[in-house]
Each structure stands twice: as C-alpha cells, then as structure tokens.
Amino acid sequence: MTAPKLKVKKDDMVMVISGKDAGKKGKVIKALPRQQKVVVEGVNIVKRHQRPTRAIPQGGIIEKEAPIHVSNVMVICGKCDKPVRVGRKKTESGIRVRYCKKCGNVLD
C-alpha cells in the first residue's frame, strides 16, 4: 500500500493552527506520510525517560519533539508570509508543483 500524499514536506516552514502549541511557527524536521503526521522543530515538546546508550551516555529525562497530525499545521508561503492552503498543479513541462492558493506562488 502506498503512503498518502501530504501537502507538507520536510524543511517547509509551518504554523500550528490548533492544539496546545497553536500559533507557533517552526520548520518540519520529519514527515511521516503513513501516519499522516509531521515533526515540527520546537513544537509539541514531550519528556521521555532515556536509558543510557552510547549516543546518550548520561541518560535521564530528555525533552524532544513529538509528531503532530498534519491537519493541525498550515504551510507558510514565502511570498505572502502567512499560513496558506496548498494546491497542486502541473506546469507546462508536465511537472507537478505545490502552489499557494492565496497568491499563486509556487512553493517547490
């Protein structure tokens, strides 16, 4: 089974529109299409108990970003500098690109 397409990609700037972190902006660190979730830098911070490993010899309680559902974020357009809805269209050369539905700016 193929993973569903997300309108959000890695390295996109997004704004959280609902939940405890509503209004925060950040960069997408990781996209998880099968779960329809994204991990955003500095958003949805959770505490995890970490046992000592070679990478983290200290161990203890660490804070890290947890995934949030893709419906709770909106892409920020580089031209509008506002959270916008994203559409897809084919260019003349036949390549599919994402574009801002507010101003028509190509996001890819």
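We did not get these values from a lab; they are worked out from the coordinates using the rules stated. What you see is a predicted model, and the numbers here were worked out from it, not measured in a lab. Don't worry about glycine lacking a Cβ; one is built from the backbone with ideal geometry, like all the others, and counts go over all protein chains shown.
At an R0 of 41 angstrom, the distance between the Cβ atoms of Ile56 and Lys90 translates into a FRET efficiency of 0.35. Computed from the C-beta positions of Lys25 and Ala3 and an R0 of 30 Å, the FRET efficiency is 0.70 to the nearest 0.05. Annotation: lysines with alpha-carbon distance below 27 angstrom to Lys89 (same-chain offsets under eight excluded): Lys5, Lys7, Lys9, Lys10, Lys25, Lys27, Lys30, Lys37, Lys79, Lys101, Lys102.
So, R0 is 22 Å and r is the distance between the beta-carbons of Val46 and Asp11; what FRET efficiency does that work out to, to 0.05? Mind showing how you got there, number by number?
Details: r = 22 Å, r/R0 = 1.02.
For Val46 and Asp11, the calculated efficiency is 0.45.
For the options Gln50, Gln36, Gln58, a Gaussian network treatment of the chain with springs between C-alpha atoms closer than 10 Å singles out Gln58 as fluctuating the most. With pairing defined as another cysteine C-beta under 4.7 Å, the cysteines of the chain that fail it are Cys103. Result for the chain in a Gaussian network model with C-alpha springs under 10 Å: among Ile17, Ile95, Ile62, the largest mean-square fluctuation is at Ile95. Answer rounded, prolate or oblate for the range 67-108, using the Cα gyration tensor with square roots of eigenvalues a ≥ b ≥ c: rounded when a/c is under 1.5, else prolate when a/b is larger than b/c, else oblate. It comes out oblate by the Cα gyration axes. Other residues whose C-beta falls under 11 angstrom from the C-beta of Arg48 contribute a net charge of +1, scoring Lys and Arg +1 and Asp and Glu -1. Sorted largest first, the spans of the alpha carbon positions of the range 13-76 along the three principal axes are 38, 24, 16 Å.
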